[in-house]
Structures are given as C-alpha cells and as structure tokens.
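Step one of this worksheet: look at the structure below.
The values are calculated or read from the model by the stated rules, or taken from the named source; none is laboratory data. Predicted, not measured: the structure shown is a model, and the values here were computed from it. Heads up, the Cβs are rebuilt from the backbone with ideal geometry, glycines too, and the neighbour counts pull from every protein chain shown.
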Amino acid sequence: MNAPSTHRPDPTRADVVLATDLDGTFLGGTDDERTKLYSAIDANRDRVALVFVTGRDIPFIRDLTSDGWVPKPDYVIGDVGTTIVQGEDFETVPELEADIARRWGDAGDRVRAMLDDVDWLELQPTPFRYRVSYYYDPERYDPSVARRIEEAGFDCLTSASTYLDVLPKGVSKGPTLLRLVDHLRIDPGRVLVAGDTMNDLSLFETGLRGVAVANSEPDLVSRVKNLENTSISRGNGAAGIHEVIETLASLRGAAA
C-alpha cells in the first residue's frame, strides 16, 4: 500500500471531488479492491479531494480513519446530511450548519413524542443533533407514518429496509452536498457522487455526475438507471468507484 500523501488538495482546484457514501460504497468490496482505490487516492491527493457523505456520525469516521488505511476526508457530510465538518480535526462549518439548525428548531423531543405510539419503530441509541433516527420492521411498515412526519413539517427517509430517519425539511445528503459545493465554489463538473442505498438517492438527484455501485439496492437502481449523468458500475463498492474515477482522471501510482 502506498504511504498516505501529506499534501491536501484545494477542492476548488482538484481534478475530481469524490463525494461518496461509506457503508456498501467506499467501504464495500473486497480488501484488495478497497486497497486499490485507497492507494490510488492517497497517491493523487494533490488532484483528488474526498468528501464522505454518510449516515454515520463523526466519532465513527474519526475511528475509521485513525489507522491510516482509509484515507482521511477533506470534508464530511455526516448524519444523513445534517452535519458538516472539515479537515483532519473535523471542525464544524458553522456557515452551513446554522441553516440546518434553524430548519430543525430543536425538534427532537417533539418528533420522539409524535412517533411514540408506532410499535414497529425502534429508536436508534445514538443521539443526533438535527435528526431522529429509527430502525423499522419492513414487514409492518405503514406509509401513513411517513405522511404524519411530513405533515408535521419534516422529511422522512427510509433506506435498506432497515432505517427510518426524520430530517429537517429540505435537508438530506444531496441538498447539503450542493450547499457545500456552492459554499466552496467548486466546479460542479468536477464532482463525482457515489452511493448504494435509497438514502443516497438525493445525491444522484442533484444532477452531478454519479455512480451507483453494482451492489446497490434494487430500489435505488430503478430510480437512477435512467438519469442522464448516472452510471451503474460493474464492480461492487470500492471497485465500482475506482472504475469511474479512472475515466475522469489518470491516477498515478495506484496499487496493482
């Protein structure tokens, strides 16, 4: 494996800004496939900027990147679009998070009380600042609950037949990524988004170039397969990302 580069790109000048989901996408595939992608990114950090766009929280990402195998991101859009941090110290981007906090309005207790009677929802144990997240039983799922959430002024997002997130209105992975791209004045033509589940759908709906990796859930594939700027990769996870990046930039020093 190549040693990580100490040079960090200016995202506004990077040849490619990879904005990728983690589980099943950047972290998907075999160890060899992941090593090949990660080594290629580390060897090209002067030209490849990295944004994690994930449902995971910041402590998870800090631990994930602590041993140097998984490349450290330049930015993280975490908690399904409700957290934005930058740099190796994971410092918040207050200019962007202020709008998310305003949209949420400290609504956590109200949301939990509103859904307390739904017995097929199980509250996730991790506390989040600007979202409330559940596990749900797909066999008992009732769409009237999503309508209840939306009528109360929130967005409802389900994915992987497992997760249900209550989010601030208008906030999810895709809209938050667009706000970051605009904030940093990145050329949208240099951005590549990647994902594998329905909570990545909003990334592909941005109109940015996208790759749904081969192991994507069928519902996502059916929604993105006809989008003009989105392709379905041949490879799973990291291998699927790598094959598309190779068409955007000639990456030097990638692992064999």
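Annotations for the structure displayed:
- Against the test of being over 17 Å from the mean Cα position of the chain (by Cα), among the charged types (D, E, K, R) and under 21 Å from Thr230 (Cα atoms), the options Asp32, Asp10, Asp15 yield a single qualifying residue, Asp15.
- Qualifying residue in segment 161-175 (condition: assigned to a helix (DSSP H, G or I), of a type outside the set (D, E, K, R) and surrounded by fewer than 23 Cβ atoms within 10 Å (Cβ to Cβ)): yes
- Candidates are the residues of segment 84-116 that are within 27 Å of Asn44 (Cα to Cα) and buried (at least 18 other Cβ atoms within 10 Å of the Cβ); the one that is nearest to the chain's Cα centre (by Cα) is Ile84.
- Evaluated against (1) over 26 Å from Thr65 (Cβ atoms); (2) assigned by TED's automatic domain parsing to the domain that holds Asp23, Gln86 falls short on exactly one condition, (1).
- Complete set of residues in segment 213-229 that are closer than 20 Å to Val48 by Cβ and either at pLDDT 95 or above or under 15 Å from the mean Cα position of the chain (by Cα) (or both): Val213
- Of all the listed residues (Ile149, Ile241), the sole one being in contact with a Phe, Trp or Tyr (Cβ under 8 Å, 6 or more places away or on another chain) and assigned to a helix (DSSP H, G or I) is Ile241.
- Matching residues in segment 182-204 - criterion: being touching a Leu at 6+ places or on another chain (Cβ under 9 Å), in a helix (DSSP H, G or I) and either within 14 Å of Thr54 (Cα to Cα) or in contact (Cβ under 8 Å) with a residue 24 or more places away in the chain (or both): His183, Arg190, Met198, Asn199, Asp200, Leu201, Ser202, Leu203, Phe204
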